[in-house]
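Here is the structure we will look at, set down as structure tokens.
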Amino acid sequence: MATTLPGAFPGRRLRRVRKHDFSRRLVRENVLTVNDLIYPVFVLEGENRREAVTSMPGVERLSIDLLLAEAEELVELGVPAIALFPVTPLQSKSLLAEEAYNPDGLAQRATRALKARFPELGVITDVALDPFTTHGQDGIIDDEGYVLNDITTEILVKQALSHAAAGVDIVAPSDMMDGRIGAIRAALEENGFINTQIMAYSAKYASCYYGPFRDAVGSAGNLGKSNKATYQMDPANSNEALHEVALDIQEGADSVMVKPGMPYLDVIRQVKDQFGVPTFAYQVSGEYAMHMAAIQNGWLKEKESIMESLLCFKRAGADGILTYFAKRVAQWLKEDARR
């Protein structure tokens, strides 16, 4: 009689548990739920206004009144939070980004409206200056165009405080200035905003995948042929990301972010394994645009490709995902639960 070695074929057949749907579900290691989703939204001035983002099919900029209608749907679907990104009119932009911390600015007004109407919906605001500068950089520049770290941080602190005063739940600094998390945390504590969370864009790469987003918020034209390589991370580096995350945690971040998403799944995994802190990922505009292009051309199946892409973030260790597919996925999950 032939002897079967322990753990070897044919004694161990890994396909056994794949044969039936019930057993595949029983051994599934990761599951995507509505609790994993954060919906990024673009808000613009005016009333009853919506504008399509050409490079992001299906995504629209919304005025605050229409944003509230969108938020009502999200609450009904169980989406935990939205991330606000204001579209700043050209006349409100300046070299020193004063509009960023205007208490009656677009992000501040949108936050107050959302929290008044839907207090249970988490509101996350972007803390960065690129929507508010005439040059499209995330900070204040010198005569040679170099982004100055410390004066930029001072303005970011003002911006974060104005968001906290408006009632935001989480401020999310995406600027990549050194030391800004510690400065913001100290200012929040000193001003009594002890429960305002910080979601730090800790490993934000100088990526080509942000193009459609810059179209959406209106900063692409201001940035022109310039880039952000002097403050956003080099896509070639991963060890550096761990240093960035470590510093942000030390300075008071409640959660950290890796951006972009799918091209940087290895970084998400390293961050989660190394630090074990709440770790988020952003499936950015370029990733969304690529999926939509393939879906609209019939090259990928819509639901299958989107759901698989988000499940990959969970497998890599992400606790939550900022994705423009959030509303669509929440609808699918709700429909699947009814079956």
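The values are calculated or read from the model by the stated rules, or taken from the named source; none is laboratory data. If you're wondering where the values come from, they're calculated on a predicted model, not measured in any experiment. Counting neighbours? That spans all protein chains shown, and the Cβs are built from the backbone with ideal geometry, glycine included. Just so you know, the surface numbers come from the protein's heavy atoms only, side chains and all, with ligands and any DNA or RNA stripped out. Shrake-Rupley method; radii C 1.70, N 1.55, O 1.52, S 1.80 Å.
Of the residues making up region 98-107, those that are in contact with a helix residue (DSSP H, G or I) (Cβ under 6 Å, 6 or more places away or on another chain), surrounded by 13 or more Cβ atoms within 10 Å (Cβ to Cβ) and of a type outside the set (Asp, Glu) are Ala100, Tyr101, Gly105. Residues in region 255-268 that are in contact with a helix residue (DSSP H, G or I) (Cβ under 9 Å, 6 or more places away or on another chain) and either buried (at least 17 other Cβ atoms within 10 Å of the Cβ) or not in a helix (DSSP H, G or I) (or both): Val256, Val258, Lys259, Pro260, Gly261, Met262, Tyr264, Leu265, Val267, Ile268.
Please specify each residue of region 269-279 satisfying the condition of being in a helix (DSSP H, G or I), in contact (Cβ under 8 Å) with a residue 40 or more places away in the chain and surrounded by fewer than 24 Cβ atoms within 10 Å (Cβ to Cβ).
Kept after step one, since they are in a helix (DSSP H, G or I), are these residues of region 269-279: 269-275.
Narrowing further to those that are in contact (Cβ under 8 Å) with a residue 40 or more places away in the chain: 269, 271-273.
Within region 269-279, Arg269, Lys272, Asp273 qualify.
Among the residues of region 287-310, not a single one is touching a Lys or Arg at 6+ places or on another chain (Cβ under 6 Å), closer than 24 Å to Ala81 by Cα and either at pLDDT 95 or above or hydroxyl-bearing (Ser, Thr, Tyr) (or both). Given the condition surrounded by 18 or more Cβ atoms within 10 Å (Cβ to Cβ), assigned to a strand (DSSP E or B) and touching a strand residue (DSSP E or B) at 6+ places or on another chain (Cβ under 7 Å), answer yes or no: does some residue in region 302-317 qualify? No: zero hits. For region 231-247, check the following and say yes or no: at least one residue is in contact with a Lys or Arg (Cβ under 6 Å, 6 or more places away or on another chain) and surrounded by fewer than 22 Cβ atoms within 10 Å (Cβ to Cβ). Scanning region 231-247 turns up at least one residue that is in contact with a Lys or Arg (Cβ under 6 Å, 6 or more places away or on another chain) and surrounded by fewer than 22 Cβ atoms within 10 Å (Cβ to Cβ).
Six or more apart or on different chains, Cβ under 9 Å: which pairs go from a residue in region 180-199 that's within 19 Å of Val277 (Cα to Cα) to one that's part of a strand (DSSP E or B) and among the polar types (S, T, N, Q)? Could you list them? Taking only residues 6 or more apart or on different chains, the pairs are Ile181/Ser202; Gln197/Ser255; Ile198/Ser255; Met199/Ser255. One residue stands out among those in region 112-139 that are over 17 Å from the mean Cα position of the chain (by Cα) and surrounded by 23 or more Cβ atoms within 10 Å (Cβ to Cβ): the one that is modelled with the highest pLDDT, which is Leu114.
Could you go through region 153-175 and let me know if any residue there is of a type in the set (S, T, N, Q), farther than 21 Å from Ala81 by Cα and open to solvent by 30 Å² or more (accessible area, probe 1.4 Å). So far as region 153-175 goes, no, none of its residues is of a type in the set (S, T, N, Q), farther than 21 Å from Ala81 by Cα and open to solvent by 30 Å² or more (accessible area, probe 1.4 Å). Of all residues in region 144-157, those that are within 12 Å of Leu95 (Cβ to Cβ) and without any contact (Cβ under 8 Å) to a residue 24 or more places away in the chain have Cβ atoms under 8 Å from Cβ atoms of residues that are outside any loop (DSSP other than H, G, I, E, B) and not basic (Lys, Arg), 6 or more apart or on another chain, in Leu148/Ile140; Leu148/Ile141; Ile151/Ile140. Is it the case that Val75 is of a type in the set (A, V, I, L, M, F, W, C) and free of Cβ contacts under 8 Å to residues at least 60 places away in the same chain? Considered against the rule, which asks whether it is of a type in the set (A, V, I, L, M, F, W, C) and free of Cβ contacts under 8 Å to residues at least 60 places away in the same chain, Val75 comes out as yes. Restricting region 319-339 to residues that are without any contact (Cβ under 8 Å) to a residue 60 or more places away in the chain and farther than 19 Å from Ala52 by Cβ, the residue that is most open to solvent (accessible area, probe 1.4 Å) is Arg339. For region 67-93, name all the residues that are under 28 Å from Thr134 (Cβ atoms) and open to solvent by 30 Å² or more (accessible area, probe 1.4 Å). Hits for region 67-93 are Pro89, Leu90, Gln91, Ser92.
Given the criterion of a type outside the set (Asp, Glu), within 18 Å of the chain's Cα centre (by Cα) and modelled with pLDDT of 95 or more, identify the matching residue among Leu68, Leu74.
Details: Leu68 fails: within 18 Å of the chain's Cα centre (by Cα).
Going through Leu68, Leu74 in turn, the sole match is Leu74.
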